[in-house]
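A.B. asks: Structure incoming, see below.
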Amino acid sequence: QWDPMITTPPGLYLASVGVVKPAAWLFGWTGSVVCSAGMLRFINLLFGAGNFYLLYLLLFKIHQKNKAVSGFQRILSTLTLAVFPTLYFFTFLYYTDPGSVFFTLFAYLMCLYGNHKTSALLGFCGFMFRQTNIVWTVFCAGNVVAEKLNEAWKTELQKKKDEKISSRKGSFSDLIRMLQFLIEYLISPKNLVTLTALIWPYIILVTAFFVFVFINGGIVVGDRSSHEACLHFPQLFYFLSFTVFFSFPHLLTPTKIRKFLLSLRKHPVQYSLITVISWFLIWKFTYVHKYLLADNRHYTFYVWRKIFQRHELVKYVLVPVYMFAGWSFADTLKSKSIFWILMYFLCLLAVTVPQKLLEFRYFILPFLIYRLNIPFPALCRQLLELAFYIVVNALTFYLFLNKTFQWPNSDEIQRFMW
């Protein structure tokens, strides 16, 4: 039976049938055992184990040139990301998140190894768990394009023997020059043919997605009234704050704060302009979903009530925090090429901004992909991050299991959760 309120495709349910039906046939289990809550939640434990292995393989592949990283550090980072609180919590419930993360990370891994047809197929599986995962299919295609662009840009610099221009960072004039190069590269039929030959599996999948949206009359299936797309730009600010909170050992350091203040002093005009634009985006594009105000089971309800609803001006006062978060976030990615950063940022906008509801689960994949791509931190910071995640998980499970409550109009037990 299909509940018309369900808003995602049936990926999790098809995967469940694929696992429990053969198990039931093999062990002679009855329907009540096969379709029990415990058995269905066991599916996500399998995805959780798969995620652990995929995170390890991705860390190994992305940082394979860094010979200074020990095997212990890789395992420690893998363990830390595997127990990332928002994802780890839902590994023990029957939610789409572990499966969604599994197929998306698997698609990303295959993309990095150049198996683009497999990557696109896994991207389709990820889409079947959550429609917004199509953005990460575009991200995989963007990885290929960014790599080719970076190679061509380095060749361009070599030709002109201009040592002052870097493929990663530069002045405003360098940025203009890079944009000119980008436009010239992408309007060349020869380059377009080369890129299309590389990323055609992703193009087919994205085309099929648009056909689905056209036939379906929108991206959402089921209860569309509660999941309307809009331009909710402050979602980007919430994501950056979320990332600083969960990566504070790497992003919230005295060195980074000093560097940010120095940058602030050197570029007051640019930061003033960013502040004004941020205020405008908050003023015109802040949306408050009815679930955020009504559902007191979720932590976002308390974040909104305790912080944002204290005063009308709070959301504007927080802009300096967002600016530091954004600067620190970008600073940790400076080891990546400018084309990769641009591609990731566009995907980040596409996956966060259209969401009206502030929901921490929507930040899991962009956070993991960001965290996988930053340089390996010092061992003490990794240990601090892991210890922090363990404490947060312990508190979350304690509240979920022991601090139950009831709504006045319902006999069901309610629990605090992400």
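The values are calculated or read from the model by the stated rules, or taken from the named source; none is laboratory data. The shown structure was predicted, so the numbers you read here are calculated from the model rather than taken from an experiment. Cβ: placed from backbone, ideal geometry, glycine included. Neighbour counts: every protein chain shown. For the accessible areas, the whole protein counts, side chains as well, though only heavy atoms, and no ligand, DNA or RNA atoms are used. Shrake-Rupley method; radii C 1.70, N 1.55, O 1.52, S 1.80 Å.
A.B. asks: So which residues in segment 97-113 are surrounded by 23 or more Cβ atoms within 10 Å (Cβ to Cβ) and not acidic (Asp, Glu), if there are any at all? Break it down stepwise before answering.
C.D. replies: At the first step, the residues of segment 97-113 found to be surrounded by 23 or more Cβ atoms within 10 Å (Cβ to Cβ) are 97-108, 111.
The answer is Pro98, Gly99, Ser100, Val101, Phe102, Phe103, Thr104, Leu105, Phe106, Ala107, Tyr108, Cys111.
A.B. asks: Can you name the residue in segment 140-156 that is of a type in the set (S, T, N, Q) and open to solvent by less than 30 Å² (accessible area, probe 1.4 Å) and, of all such residues, is nearest to the chain's Cα centre (by Cα)? Spell out how you get there, then give the answer.
C.D. replies: First, pick out the residues of segment 140-156 that are of a type in the set (S, T, N, Q): 143, 150, 155.
If we keep only those that are open to solvent by less than 30 Å² (accessible area, probe 1.4 Å) as well, we get 143, 150.
Values: Asn143: 15, Asn150: 23 Å.
By that ranking, first place goes to Asn143.
A.B. asks: Taking the options Leu76, Leu45, Leu40, Leu57, name whichever one is of a type in the set (A, V, I, L, M), out of contact with any Asp or Glu (no Cβ under 8 Å at 6 or more places or on another chain) and either open to solvent by less than 20 Å² (accessible area, probe 1.4 Å) or in the same structural domain as Ile199 (by the TED database) (or both).
C.D. replies: Values: Leu45 fails: either open to solvent by less than 20 Å² (accessible area, probe 1.4 Å) or in the same structural domain as Ile199 (by the TED database) (or both); Leu40 fails: either open to solvent by less than 20 Å² (accessible area, probe 1.4 Å) or in the same structural domain as Ile199 (by the TED database) (or both); Leu57 fails: either open to solvent by less than 20 Å² (accessible area, probe 1.4 Å) or in the same structural domain as Ile199 (by the TED database) (or both).
Matching residue, one of Leu76, Leu45, Leu40, Leu57: Leu76.
A.B. asks: Right, something else. With the checklist (1) touching a residue at least 40 places away in the same chain (Cβ under 8 Å); (2) open to solvent by less than 10 Å² (accessible area, probe 1.4 Å); (3) closer than 21 Å to Pro201 by Cβ in hand, flag the one item His116 doesn't pass.
C.D. replies: With (1) touching a residue at least 40 places away in the same chain (Cβ under 8 Å); (2) open to solvent by less than 10 Å² (accessible area, probe 1.4 Å); (3) closer than 21 Å to Pro201 by Cβ applied to His116, the lone miss is (2).
A.B. asks: Would segment 66-73 turn up any residue that is among the basic types (Lys, Arg), within 29 Å of Leu399 (Cα to Cα), open to solvent by 20 Å² or more (accessible area, probe 1.4 Å) and over 17 Å from the mean Cα position of the chain (by Cα)? Walk me through it before giving the result.
C.D. replies: Filtering segment 66-73 down to residues among the basic types (Lys, Arg) leaves 67.
If we keep only those that are within 29 Å of Leu399 (Cα to Cα) as well, we get none.
Checking segment 66-73: not a single residue is among the basic types (Lys, Arg), within 29 Å of Leu399 (Cα to Cα), open to solvent by 20 Å² or more (accessible area, probe 1.4 Å) and over 17 Å from the mean Cα position of the chain (by Cα).
Yes/no matrix, rows are residues, columns are (1) more than 30 Å from Lys290 (Cα to Cα); (2) assigned by the TED database to the domain that holds Thr275; (3) exposed (fewer than 13 other Cβ atoms within 10 Å of the Cβ):
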{"position": "Phe210", "(1), (2), (3)": "no, no, yes"}
{"position": "Ile215", "(1), (2), (3)": "no, no, yes"}
{"position": "Ile219", "(1), (2), (3)": "no, no, no"}
{"position": "Gln235", "(1), (2), (3)": "no, yes, no"}
{"position": "Phe248", "(1), (2), (3)": "yes, yes, no"}
{"position": "Pro254", "(1), (2), (3)": "yes, yes, yes"}
{"position": "Arg258", "(1), (2), (3)": "yes, yes, yes"}
{"position": "Ser263", "(1), (2), (3)": "yes, yes, no"}
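A.B. asks: Find the residue count for segment 125-139, including only residues that are open to solvent by 20 Å² or more (accessible area, probe 1.4 Å) and over 15 Å from Ile219 (Cβ atoms).
C.D. replies: Here the count works out to 1.
A.B. asks: Counting only residues that are in contact (Cβ under 8 Å) with a residue 12 or more places away in the chain and of a type in the set (S, T, N, Q), which one in segment 265-295 is surrounded by the most Cβ atoms within 10 Å (Cβ to Cβ)?
C.D. replies: The selected residue is Ser278.
A.B. asks: For segment 46-75, enumerate the residues that are over 17 Å from Arg371 (Cα atoms) and in a helix (DSSP H, G or I).
C.D. replies: The answer is Leu46, Phe47, Gly48, Ala49, Gly50, Gly71, Phe72.
A.B. asks: State which residue is most open to solvent (accessible area, probe 1.4 Å) when the search covers only segment 1-31 and only residues that are touching a residue at least 40 places away in the same chain (Cβ under 8 Å) and not in a loop (DSSP other than H, G, I, E, B).
C.D. replies: For segment 1-31, the residue satisfying everything is Leu14.
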